[in-house]
1. With +1 assigned to the C-beta of every Lys and Arg and -1 to the C-beta of every Asp and Glu, and no other charges, what is the dipole magnitude of the chain about the Cα centre in debye, to the nearest 20?
2. Decide, for segment 87-206, between rounded, prolate and oblate: order the square roots of the alpha carbon gyration tensor eigenvalues as a ≥ b ≥ c, take rounded if a/c falls under 1.5, and otherwise choose prolate if a/b is larger than b/c, else oblate.
3. Please report, to one decimal in angstroms, the Kirkwood hydrodynamic radius of the chain built from all distinct Cα-Cα pairs.
4. Could you run the Karplus curve 6.51 cos²θ - 1.76 cosθ + 1.60 with θ = phi - 60° over segment 79-87 and give me ³J(HN,Hα) per residue in whole Hz, x for Gly and Pro?
5. Using only Cα atoms and rounding to the nearest 10 degrees, what angle (0 to 90) does helix 6-18 make with the longest principal axis of the chain?
6. For ARG102 and ARG6 in the same chain, what is the full-extension length gain: residue separation times 0.36 nm, less their Cα-Cα distance, in nm?
7. Putting +1 on Lys and Arg Cβ atoms and -1 on Asp and Glu Cβ atoms, find which of THR117, ALA53, VAL135 reaches farthest to the positive end of the dipole of the chain.
8. For a quick protection proxy, order the peptides 33-44, 121-132, 183-194 by their average other-Cβ count within 10 Å, most packed first.
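Since every read-out is calculated from the coordinates, none of them should be taken as a lab result. This structure is a prediction, so every number in the text was calculated from the model and none was measured. Glycine also receives a Cβ, built like all others from the backbone with ideal geometry; neighbour counts cover every protein chain displayed.
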Amino acid sequence: MLDGDRRRLALAYSVLFSLPGTPVLFYGEEIGLGENPEGEGRMAVRVPMQWTASGGFSPVAERTPVSTPAGPYGPREVNVEAQRRDPDSLLRWITLLIERYRESPELAWGAYRVLETADEAVLVHRADAEGGTVVAVHNFADREARAEFVLDGLDEGQMLTDLLVDGTLDLPPDGRVSFTLEPYGTRWLRVSAPDEPLEDASAKGS
């Protein structure tokens, strides 16, 4: 999918987990598991899970009813064991999304609203639930983009805590937020009071 482009894959799954509805993954998606076009029918996509570089649970090459993909999607290049150790892997990214999604009831139960932005490549949507607010920002362009939007109806002195990377943004009194996103960049921002623990902020929407 997406030619294995890590940046676009990260964006696609961020959108999946932040939009309304229940996110669903087919096994292997979390590591970018490929397909075997030589397989007949549905067997082409139902390849074995690639746990290690040999494809199985041990260093011994295993025989399976369905052959694993070859080339850049083969088990030597794509496997769980390696991605668990790689902080920039797709597996670690999807694990983070799952953790943050579980900590953000606004995304599961909240009222959604798409916010106006200056750049058509940027999608910003807001989810509110029982006093909690999370804003998801996505750049669909292969270039840097400026995310500019307004958050209204919030108390003064609030800040935006980034849930996917370390960092915070001050929320101006007029609610106007502006920052730059890298190509295919994404941010999940929680509205919270200064010095408010992340756990307490997420509990507001539960």
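1. Working: 20 positive and 35 negative charges, 170 e Å.
Using Cβ point charges on Lys, Arg, Asp and Glu, the chain gives about 820 debye.
2. oblate
3. With all distinct Cα pairs of the chain included, I get 18.7 Å.
4. Once rounded to whole Hz, the list reads 7, 5, 4, 5, 6, 5, 8, 9, x.
5. Tilt relative to the chain: about 60 degrees.
6. Extra length from ARG102 to ARG6 when fully extended: 32.2 nm.
7. Checking the options against the dipole of the chain, the answer is ALA53.
8. Details: 33-44: 13.6, 121-132: 18.8, 183-194: 20.5.
Result, highest mean Cβ count within 10 Å first: 183-194, 121-132, 33-44.
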